[in-house]
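First the structure, in the form of structure tokens, and then the observations on it.
The values are calculated or read from the model by the stated rules, or taken from the named source; none is laboratory data. As the structure is a prediction and not an experimental result, all values here were calculated from the model. Using ideal geometry, Cβ is built from the backbone for each residue, glycine included, and neighbour counts are taken over all protein chains shown.
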Amino acid sequence: MLFTNKKQPLLLILLAFIYSFSHGLLAKEYSVSVTDDLQQVLDDSKDGDILTLSVGRYLGNFVVTKKVTIRGENEGNRKAIIDAQGQGHAFILKNSHITIDNLTIVIGVTISPNKTQVSIQMKK
């Protein structure tokens, strides 16, 4: 017989339950400033992590491959801004369950039909 003790199935269910929530328990929260390399922080992050961007302008084109939350801080009228400087995408999102909250996203002065602020690519 597979289970010789009646408590074994319950133990297996409990272990499966704990494992299913372990990713959220291992998540970290990072405070990111404009002097930090945002792309490196994104690359080093793990699924479930929360990245809080301090007030300021983050210049560049950023690729998000993990299931993370990217959150901007506000100080009065000042905000966290992602600025692609008119060069391509501000964000390319390459995963599901990515949350972007309280950020201003700009690509520059001119917006043409072939430039977007955010690109979402579905995994196959």
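So the values come out like this:
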| item | result |
| --- | --- |
| Strands (runs of 3 or more DSSP E) contained entirely in the range 21-124, each with at least 3 residues that are surrounded by 16 or more Cβ atoms within 10 Å (Cβ to Cβ), modelled with pLDDT under 95 and hydroxyl-bearing (Ser, Thr, Tyr) | none |
| GLN87 vs. criteria within 15 Å of VAL106 (Cβ to Cβ) and out of contact with any strand residue (DSSP E or B) (no Cβ under 9 Å at 6 or more places or on another chain) | yes |
